[in-house]
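Could you have a look at this structure, given as structure tokens, before my questions?
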Amino acid sequence: MTGPIVGGALGMLGLALALHRNWLTRAGVLAGLGVGALLIAGTHAAGPILLVGFLASSSVLSRARMDGPRNGWQVLANSAVPAIAALLAATGALPCAGAAVAGAIAAVTADTWATEIGIALRAPARLVSTWRSVPPGRSGAISVPGTAAGCTGAAAIALFATWLPATAWGPALPPEFSPVLVGGLAGMFADSFLGATLEGRVPGCNNETVNLLGSLAGAVTACLLA
């Protein structure tokens, strides 16, 4: 029972910090509670640790540009996929669930770090679908420092995920470094491509939809390579 207790404590602390620091709305906290419960069921302490790491780092990097705290849909766009993977781990239906959870979180971390660092440095950016020059921060744009930051974010999640002991993962198997790293990078580039080609052009496809699909790409890639 130690793993779920630790995971629950970490998750509650993370959500309390997010609410205190105005990173999440109350709806965002409620969404986080649901996600946290599924992560604890399938990964004990590991999933909440990785998700809190993503939330804290992305909120710090995004703070200067945030119009306000993240709402419930924004939370689910970044965390619904790892939560579902954790649920499948709890039921024994997904042997590669540990890799899927970490790969999805690595993907959203990589995308956020790439976006925020690229904008902060005002680096020259190009649209990934046509390679034409666009302003930094444009959906689907990539830059050299932004991509480097994204790779660093994916590697940080992959490294931390593999450092966590097997007991922290509960029913899920601890992932290996390479599948999580590649999953994070695949999700980051999928997010950029979908942002360049679909966001704002297909009805109902907004930034949250693209984030959700990018995290799904990260999870599937990591799972296939595990």
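The values are calculated or read from the model by the stated rules, or taken from the named source; none is laboratory data. If you're wondering where the values come from, they're calculated on a predicted model, not measured in any experiment. For neighbour counting, all protein chains shown are included, and Cβ atoms are generated from backbone atoms with ideal geometry for every residue, glycine included. Surface areas here come from the heavy atoms of the whole protein model, side chains and all, with no ligands, DNA or RNA. Shrake-Rupley method; radii C 1.70, N 1.55, O 1.52, S 1.80 Å.
Checking the conditions here, which among A41, A46, A99 is of a type in the set (G, A, S), open to solvent by 20 Å² or more (accessible area, probe 1.4 Å) and out of contact with any strand residue (DSSP E or B) (no Cβ under 9 Å at 6 or more places or on another chain)?
Checking each option against the conditions leaves just A41.
Within the range 197-213, which residues are in contact with a Leu (Cβ under 7 Å, 6 or more places away or on another chain) and either touching a residue at least 24 places away in the same chain (Cβ under 8 Å) or assigned to a helix (DSSP H, G or I) (or both)? Before you say what the answer is, go through the steps one by one.
Narrowing the range 197-213 to residues in contact with a Leu (Cβ under 7 Å, 6 or more places away or on another chain): 205, 210, 213.
Across the range 197-213, the qualifying residues are V210, L213.
Let me confirm something: among P136, P124, P171, which residue is in contact with a strand residue (DSSP E or B) (Cβ under 6 Å, 6 or more places away or on another chain), open to solvent by 50 Å² or more (accessible area, probe 1.4 Å) and either closer than 27 Å to G47 by Cβ or at pLDDT below 95 (or both)?
Values: P124 fails: in contact with a strand residue (DSSP E or B) (Cβ under 6 Å, 6 or more places away or on another chain); P171 fails: in contact with a strand residue (DSSP E or B) (Cβ under 6 Å, 6 or more places away or on another chain).
The conditions single out P136.
Among the residues that make up the range 191-208, is at least one of them β-branched (V, I, T), open to solvent by 30 Å² or more (accessible area, probe 1.4 Å) and under 20 Å from G47 (Cα atoms)? Reasoning before the result, please.
Of the residues in the range 191-208, the ones β-branched (V, I, T) are 197, 202.
Within this subset, residues satisfying the condition of being open to solvent by 30 Å² or more (accessible area, probe 1.4 Å) are 197, 202.
With the extra rule that they be under 20 Å from G47 (Cα atoms), the set shrinks to none.
No: the range 191-208 contains no residue that is β-branched (V, I, T), open to solvent by 30 Å² or more (accessible area, probe 1.4 Å) and under 20 Å from G47 (Cα atoms).
From L225, L212, grab the single residue that is in contact with a Pro (Cβ under 6 Å, 6 or more places away or on another chain), surrounded by 17 or more Cβ atoms within 10 Å (Cβ to Cβ) and within 24 Å of A41 (Cα to Cα). Show your work before the answer.
On the way: L212 fails: in contact with a Pro (Cβ under 6 Å, 6 or more places away or on another chain).
Step by step, each of L225, L212 is checked, and only L225 is in contact with a Pro (Cβ under 6 Å, 6 or more places away or on another chain), surrounded by 17 or more Cβ atoms within 10 Å (Cβ to Cβ) and within 24 Å of A41 (Cα to Cα).
In the range 141-155, how many are over 14 Å from G187 (Cβ atoms), crowded, with 20+ Cβ neighbours inside 10 Å and within 17 Å of the chain's Cα centre (by Cα)?
Total meeting the criteria: 2.
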